[in-house]
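The values are calculated or read from the model by the stated rules, or taken from the named source; none is laboratory data. Quantities reported herein were computed from a predicted structural model and do not represent experimental measurements. Cβ: placed from backbone, ideal geometry, glycine included. Neighbour counts: every protein chain shown. Accessible surface areas use protein heavy atoms only, side chains included; no ligands, DNA or RNA. Shrake-Rupley method; radii C 1.70, N 1.55, O 1.52, S 1.80 Å.
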Amino acid sequence: MFTSTYTPKIDEKGRFFLPAKYREQLAKGLIIAPFHDECLAIYPIATFQAKAERIAAMPDSVSKVREFQRQMAGDACDEVPDKQGRVHIPGYLREYAHLSGQIVVRGVIDRIELWDPKRWEAHSAAQRQAYSTMDAEIWPEREPGPARG
């Protein structure tokens, strides 16, 4: 599971240091993919494979499904952190997410998100107010049960 927020820098070769607490889970490899809201997602390979299986099961006769499959899989890349824990982000993915210099690395349960700091701050500020009421919609206090009466 991935949690916490870090702010490493991307070097001139497009690499950043993976936070130490994530390195063991990703030591054998990872997938970097474009994600919603113009950020990137880093997945352990097994997690990405499970997502890919669900995406592959979607009906490719639907044009939005085909485009989602193309973007998700076609722009994803596999990487292995180097011995120092650095991960290379290809230029086309850095461009998609507007990444250069300092970045925001956020652990989000099954993935790590990479954000441009200004975009993250704008996104976070816009969502912060809504967060306090989201839990009741997404995670009710108690599990729904049979009607009593």
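Some values worked out for this structure:
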{"item": "Segment 1-71, accessible surface, carbon-and-sulfur percent (1.4 angstrom probe)", "result": "55 percent"}
{"item": "Within the chain, longest stretch clear of exposed GluC sites (Glu not before Pro) (DSSP loop, no more than 11 other Cβ within 10 Å)", "result": "13-140"}
{"item": "Value of relative contact order over segment 8-149, rounded to a whole percent, pairs C-alpha under 8 Å and six or more apart", "result": "30 percent"}
{"item": "Segment 1-91 - percent relative contact order, Cα under 8 Å, separation 6 or more", "result": "41 percent"}
{"item": "At R0 = 25 Å, FRET efficiency that the Cβ-Cβ distance of Ser4 and Arg66 yields, to 0.05", "result": "0.10"}
{"item": "³J(HN,Hα) computed for each position of segment 38-52 - Karplus, 6.51 cos²θ - 1.76 cosθ + 1.60, integer Hz, glycine/proline x", "result": "6, 10, 10, 10, 10, 10, x, 4, 4, 5, 5, 4, 5, 5, 4"}
{"item": "Pairs from Lys9/Lys83; Lys64/Lys118; Lys21/Lys83; Lys51/Lys83; Lys9/Lys51 whose Cα-Cα separation, in the structure shown, is over 25 Å", "result": "Lys64/Lys118; Lys51/Lys83; Lys9/Lys51"}
{"item": "Heavy-atom accessible area order for Ser63, Ser124, largest first, 1.4 Å probe", "result": "Ser63, Ser124"}
{"item": "Per residue, in Å², the accessible surface of the chain once ligands and nucleic acids are set aside, probe 1.4 Å", "result": "67 Å²"}
{"item": "Area of Val80 that stays accessible when all protein chains are in place (1.4 Å probe, Å², to 10)", "result": "90 Å²"}
{"item": "Gain upon complete extension [Ala50, Met134; 0.36 nm per residue less C-alpha separation]", "result": "27.6 nm"}
